[in-house]
1. Would you work out which of A:Ala157, A:Pro202, A:Leu174 lies farthest towards the positive end of the dipole of chain A, given +1 charges on the beta-carbon of Lys and Arg and -1 on that of Asp and Glu, about the Cα centre?
2. Using the scaling law 2.2 N^0.38 Å as the reference, what is the normalised Cα Rg of region A:4-103?
3. Summing +1 for each Lys or Arg and -1 for each Asp or Glu, what net charge is found among the other residues whose Cβ lies under 11 Å from the Cβ of A:Leu275?
4. What is chain A's relative contact order, in percent, from Cα pairs under 8 angstrom and six or more apart in sequence?
5. Calculate what fraction, in whole %, of the accessible area of chain A sits on carbon and sulfur atoms when a 1.4 Å probe is rolled over the protein chains.
6. What is the angle, in °, between the Cα long axis of helix A:71-103 and the longest principal axis of the Cα atoms in chain A? Nearest 10 is fine, range 0 to 90.
7. Write down the radius of gyration of chain A and its Dmax, each obtained from C-alpha positions, in Å.
8. Of all DSSP beta bridges located in chain A, what percent are antiparallel, nearest 5?
Amino acid sequence: MLDLKLIRKNYEEVRRRLATRGEEYAKLLDRVYELDRKKREVQKRVEELRALLNRKSKEYGRLKREGKEDENLKRELSELKARLQELEEELRRLEEELNDLLLRIPNLPHPSVPVGRDESDNREVRRWGEPPKFDFEPKPHWELGEKLGILDFERAAKISGSRFVVKRGLGARLVRALVNFMLDLHGRRGYEEVYVPHLVRPEALIGTGQLPKFEEDLFKCERDDLYLIPTAEVPVTNLHREEILREEDLPLYYAAYTPCYRREAGSYGRDVKGLIRLHQFDKVELVKITKPETSYEELEKLVADAERVLQELELPYRVVELCTGDLGFSAAKTYDLEVWMPSYNRYREVSSCSNCEDFQARRMKLRYKTADGKKFFCHTLNGSGLAVGRTLAAILENYQQEDGSVVIPKALRPYLGGIDVIKPQKD
RNA sequence: GGAGGGGUGGCCGAGCGGACGAAGGCGCGGCGCUGGAAACGCCGUGUGCCCGUUUUACGGGCACCGAGGGUUCGAAUCCCUCCCCCUCCGCCA
């Protein structure tokens with residue numbers, strides 16, 4: 001949520017920066033600005049009227065205790081109250097509309113973010129590793145997985161429909177190995193491991209920015225008014241919602257493994273095959289809660305921590321800085337990590353690391369207090385470290401051999417009882 | 001699912017129609033005591049919003065005792081609805 005005071009004070013600048021995400025947001029901002037002006041006007045009148053009513057009411061009480069009831073005053077009070085109630089109703093409507101609109105305005109991009117329309121304007125920051133060269137035609141991971149008997153899309157569809165997968169045998173064990181490997185790695189780098197609920201209340205989703213705007217993307221348990229988490233970012237960042245943390249406790253580092261559930265509405269026909277886009281996938285998520293002064297250095301460190309996973313798995317990747325038009329709703333700045341995928345002959349996203357500054361903190365009233373008692377909103381950051389399914393896909397594709405077998409990355413072998421290669425099942 | 005008990009300031013906890021932004025304690029800040037500290041004593045210490053000014057401060061106003069509605073001239077306090085938490089029983093991995 002943007003700071004209304006900032007909108008009032010630096011209207012033109014906010015409008016200009018917001019417009020780099022798309023013109024429509026500038027128009028939204030215009031409505032917010034006007035609504036805010038009107039709201040304050042009505043609020044002022046309401047408060048004046050209420051002050052008058054309070055004063056006269058006290059006066060009435062005093063008289064009554066002295067045994068001097070004043071029927072005229074009583075009538076006057078009733079009339080005042082009736083007028084006040086009308087005005088209050090108007091104020092309530094204005095506040096509601098203003099608040100709803102405000103929750104639908106995305107975060108301001110950081111000044112360093114390249115201005116652009118979409119994915120094609122993102123800026124490559126660096127590359128690591130060499131894409132492998134094959135002297136045969138590399139197969140896509142779903143073919144490899146099915147041949148190896150570790151991925152079963154057909155049976156998944158039977159029980160749950162499209163965009164689900166069953167992993168079996170070494171496929172299932174690889175997921176467990178990857179999760180453990182990632183959590184161990186991040187644990188050593190100072191992240192506290194947390195295990196969190198996968199069903200959350202609407203307030204939590206408002207806090208991180210998925211609601212009210214992106215209801216369509218979520219699975220909802222209607223009866224209980226709970227949502228399946230689309231990312232661990234939601235429960236983890238909300239751990240401290242409405243809290244006032246102590247300055248000396250910051251920054252906080254968390255790492256969580258959770259499954260993630262996404263409806264993928266509007267992505268029909270995209271990535272219909274394989275592990276890339278599923279309704280349910282596994283992810284290890286990193287979350288940081290920091291002071292404003294340090295959030296950008298913390299972002300760089302967060303990216304480095306996510307990169308470390310790919311480096312240890314020896315998977316070639318690149319780091320991309322998202323442009324304004326491609327930036328997520330809550331993010332002020334985002335780096336994506338993209339891993340090399342031979343069958344696509346391109347890099348594909350396995351991690352997205354964002355600094356949300358105080359955008360989420362404001363929505364969830366997450367603050368910290370300095371030694372002298374001043375309170376400020378925290379900054380929140382999150383990043384995948386990493387998306388497990390896509391990492392598994394990348395391993396299958398990058399480590400494949402001509403006979404369809406797949407070599408296990410060295411870093412993972414201790415987690416798989418020393419197994420160093422998966423061979424196709426004989427049929 | 002059944003029965004009961006609760007939700008009050010950063011935290012604990014009292015209040016149960018006006019004198020209540022709310023006792024007391026803890027915590028925090030200041031001062032005193034001390035060689036220094038602990039203990040002790042005294043003083044201070046909520047948040048949000050709106051308006052104004054001499055605009056990182058001060059003054060005024062309004063709101064806030066889980067949320068929303070109601071009764072009343074007046075509600076933390078009475079009534080209704082909802083939400084949440086806890087305990088016991090049932091069910092259950």
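1. A:Pro202
2. For region A:4-103, the normalised Cα radius of gyration comes out at 1.61.
3. Combined, the nearby Lys, Arg, Asp and Glu give +3.
4. 20 percent
5. Of the solvent-accessible surface of chain A, carbon and sulfur hold 46 percent.
6. Once rounded, the angle reads 20 degrees.
7. For chain A, the Cα radius of gyration and maximum Cα-Cα distance read 27.0, 104 Å.
8. Close to 90 percent.
The values are calculated or read from the model by the stated rules, or taken from the named source; none is laboratory data. Predicted, not measured: the structure shown is a model, and the values here were computed from it. Glycine gets a Cβ as well: all are built from the backbone with ideal geometry, and neighbour counts include every protein chain shown. Accessible surface areas use protein heavy atoms only, side chains included; no ligands, DNA or RNA. Shrake-Rupley method; radii C 1.70, N 1.55, O 1.52, S 1.80 Å.
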